[in-house]
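Report on one structure; see the data block that follows.
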Amino acid sequence: MNDVLKLIFDIGTAEKRKEAADYINAHPDDFSKVLESIFSQEIDDTTESKQHILDLIDLLSTKLAIQVIEWVIQDSDSRIKVRGLQATYRKRIDALNNQLVDLLDNEDEEFEVKKWVVHILGSTDPTNFGRILRKTARSSRVEINLRKEAVFALTKVVDDETLGTLCALLGDSNEEIRESVAWALSNMSAPETINCLLAALEDEYEKVRDWAIRGLRDMDDTKALQGLADAMSRVSPSEQVRMIRLVVERKSEIILRAITELLSSTDVEVLRTAAWAIGVSPYPPAVPALRDLLDHEDEQVRYYGKVALVRSGGIDPSDLQL
């Protein structure tokens, strides 16, 4: 036991840490006794000792790492808990998930502790703990930041219950929750959420709309893209400009056709942006509309129209001075 203690207190280099971990892995009984003496505070400088043990945890066997974490999650120091939970997340340990739920239910536990619990449950066993994550995301009694973390963790739980919960949360009164949900759905790319994301295009909060646009844009789904195209034709000019900039990289026939239709807009900024977009993603069917822009009174409209016309094959670049 004393040999283990000496090694734990002398881990200033990577070589020393490996030496200590190798010895501990070979002498698990001695290490178990050291853990008990340190976490039950039978020796001095327990905080430093705990930190040193956590410095070694990635080098320990899974069995010993679990022993460490069992002690850590009972510790009164939240900093120690957080470090232990971060190691649990890194090592994808799921043996203590039921105990971790108790931390999540403890109203006195700090946010950082609960945050890591949420992500451990979501990454190690999303099927069995999805219900708890959904409950956390929905509850108005839970602090906003933890609800957001639960939403992020739910991206690992792609099932009907989770998709339904996230879609419902797009109607939450808190804009941060709606933004987090829109981000989550944009990353999940589930066709079942197309209608939810289309509805989110009308959200009053710009960031929610942006993530909804990205989510629909990145789906390989005709309904999603056509929904975006239809929305672009209905929204205000300023929103059309934002949508064009967000969707142009998709290079979809549906999207490029919708942008081409905006080349007949009466709004100068829409014309500039639509012409720029066709220059970025050349689209030969846009050539007739682009030709009409060559005589426009706005210099930028004419410039972007010329660039798009050349790149879409509507004119020989030597015929124009760009």
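The values are calculated or read from the model by the stated rules, or taken from the named source; none is laboratory data. Being a predicted model, the structure only gives us computed values, none of them experimental. Heads up, the Cβs are rebuilt from the backbone with ideal geometry, glycines too, and the neighbour counts pull from every protein chain shown.
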Query raised in the report: Taking the condition in a helix (DSSP H, G or I) and within 10 Å of the chain's Cα centre (by Cα), does A168 pass?
Result: no
Query raised in the report: Within the stretch 168-223, how many residues turn out to be under 23 Å from A258 (Cβ atoms) and among the hydroxyl-bearing types (S, T, Y)?
Result: 4
Requested in this report: Can you work out which of the residues in the stretch 213-246 that are acidic (D, E) and assigned to a helix (DSSP H, G or I) is farthest from E192 (Cα to Cα)?
Outcome: E239
Report task. Considering each residue of the stretch 190-204, count those that are part of a loop (DSSP other than H, G, I, E, B) and either loosely packed, with under 14 Cβ neighbours inside 10 Å or of a type in the set (G, A, S) (or both), and give that number. Result -> 3
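Take L146 and decide whether it is touching a Lys or Arg at 6+ places or on another chain (Cβ under 6 Å) and either among the β-branched types (V, I, T) or surrounded by 13 or more Cβ atoms within 10 Å (Cβ to Cβ) (or both).
yes
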Query raised in the report: Within the stretch 247-264, can you find the residues that are surrounded by fewer than 16 Cβ atoms within 10 Å (Cβ to Cβ) and either in a helix (DSSP H, G or I) or among the hydroxyl-bearing types (S, T, Y) (or both)?
Result: E249, E253, R257, E261, S264
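When residues of the stretch 172-186 are filtered for being among the hydroxyl-bearing types (S, T, Y) and either buried (at least 18 other Cβ atoms within 10 Å of the Cβ) or in contact with a strand residue (DSSP E or B) (Cβ under 7 Å, 6 or more places away or on another chain) (or both), how many remain?
Here the count works out to 2.
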Report task. Check D58 against each of (1) over 26 Å from G12 (Cβ atoms); (2) charged (D, E, K, R); (3) assigned to a helix (DSSP H, G or I) and name the one condition it does not meet. Result -> (1)
Query raised in the report: If only one of L197, L163, L256 is at pLDDT 95 or above and closer than 30 Å to H296 by Cα, which one is it?
Result: L256
Query raised in the report: Out of the stretch 3-43, which residues are within 37 Å of the chain's Cα centre (by Cα), assigned to a loop (DSSP other than H, G, I, E, B) and modelled with pLDDT of 85 or more?
Result: T13
